[in-house]
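Below is one structure; the comments refer to it alone.
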Amino acid sequence: MDLELAHRRFLVVGANYGIGLATARLAAQDGAHVAVASRSPENLAKAAAKIAAEPGRAPLQLVCDVTKDGAGEALADQVADHWSGLDALVCAVGGSVRSAFADLSDDDWLRNYQFNIMSTVRTIRALLPLLRTGDRPAIVMLGAAASKMPYAHQIMSNVHKAGLLGLNKTLALELAEDGIRVNLIAPGRTLTPLWLNRADKMAAEQNRSRDDVLAEFAVEIPMQRFGTSDEIARNVLWLASPCASYVTGQALNVDGGIARGLL
């Protein structure tokens, strides 16, 4: 299927590794004009080099830490320096902290809130004027399967990723009159650097191999394996493309079946 991405203007925030990088890379391969944003110039340059090394367009590199006040406006200004509008915005900033509830301070909660919620809020709010002038514009947020089936010892991520579900549904209603679609991808366990680093840490602590640790976590997944960043990214691109023109306000699980709820 042709997703009609050629010449569309894509901004991927949180594109230096994992699902964000895979989304930017595949969009560029399909002929999109891609801008990648991250807070680390070094990591951003490495990601851009990976994208440019494959067939497709070399990406714009925009350095911005969207967990900080005013960062959204600064990012929007950078985009406006290159493009008169924006057709697709992918918000891929976020993550989890493994901890028991009693061990978390107010600062821990607020810091994770900035990371998982406000980074996306700031980005979307600031980019709305450019999206309104885009061609069949779409927003895709990256959430987590944990928003529908909470994981043990990840209470902050469970709470904040669930908050993204509310943001997604409400924004879809509010922005429909502007012709902007809003959707969310809820990935399950995926072979990103975050999971690989976690598996390596556990393997070292338990004198086991990384593969043994990952296999243990895969037992809970009906498909009996972790997903790949490319598998998640393909679904992000579909939701961001004109092919999903009648889809908005949805939270699509791409999780190998691990979230067993009906909704």
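Rule-based calculations on the coordinates, nothing more; no lab input. Here the structure is a predicted model, which is why all the values come from computation and not from measurement. Cβ placement follows ideal geometry from the backbone for every residue including glycine, while neighbour counts extend to all protein chains displayed.
With charges set only on the Cβ (+1 for Lys and Arg, -1 for Asp and Glu), what does the dipole of segment 1-115 come to about its Cα centre, in debye to the nearest 20?
380 debye
Toward the positive end of the charge dipole of the chain, about the Cα centre and with charges on Cβ (Lys, Arg +1; Asp, Glu -1), which of Gly227, Ser96, Ser38 goes farthest?
Gly227
Quick one: putting +1 on the C-beta of Lys and Arg, -1 on the C-beta of Asp and Glu, what dipole do you get for the chain around its Cα centre, in Debye to the nearest 20?
Once rounded to the nearest 20, the dipole reads 220 debye.
Run through segment 169-260 and list the chymotrypsin sites (Phe, Trp or Tyr not before Pro) located in a DSSP loop whose Cβ has at most 10 other Cβ atoms within 10 Å.
Tyr246
Give the shape of segment 130-190 as rounded, prolate or oblate, defined through the alpha-carbon gyration tensor: a ≥ b ≥ c are the square roots of its eigenvalues, a/c under 1.5 means rounded, and otherwise the shape is prolate if a/b is larger than b/c and oblate if not.
Prolate, since a/c reaches 1.5 and a/b exceeds b/c.
For a quick check, take a GNM of the chain with Cα springs below 10 Å and name the residue from Ile19, Ile139, Ile124 with the largest mean-square fluctuation.
Ile124
Where in the chain are the DSSP H helices whose C-alpha atoms run 15 Å or more along the long axis and whose mean Kyte hydropathy is at least -1.0?
On the way: long enough: 18-29 (17 Å, 0.82); 41-52 (16 Å, 0.08); 119-132 (20 Å, 0.60); 155-175 (30 Å, 0.63); 193-206 (19 Å, -0.71); 229-240 (16 Å, 0.27).
Span-like helices here: 18-29, 41-52, 119-132, 155-175, 193-206, 229-240.
Which trypsin sites (Lys or Arg not before Pro) from segment 197-251 combine a DSSP loop assignment with at most 14 other Cβ atoms within 10 Å?
On the way: sites: Arg198, Lys201, Arg208, Arg210, Arg225, Arg234; in loops: Arg208, Arg225.
Sparse-neighbourhood loop trypsin sites (Lys or Arg not before Pro): Arg208, Arg225.
Just need the relative contact order of the chain here, percent rounded to a whole number, with Cα pairs under 8 Å and 6+ apart.
Relative contact order, the chain: 20 percent.
Which of Ala27, Ala162, Ala100 ends up with the largest GNM mean-square fluctuation for the chain, with Cα atoms connected below 10 Å?
Ala100
Using the Cβ atoms and a cut-off under 15 Å, what net charge is assigned to the surroundings of Gly143, where Lys and Arg are +1 and Asp and Glu are -1?
Around Gly143, the surrounding residues sum to +3.
Before rounding to the nearest 500, sum -39500 (n - 2.57) across all DSSP H runs of length at least 4 in the chain and divide by the residue total; then give [θ] at 222 nm in deg cm²/dmol.
-13500 deg cm²/dmol
Which of His82, His160, His33 moves the most in a Gaussian network model of the chain with Cα springs under 10 Å?
His82
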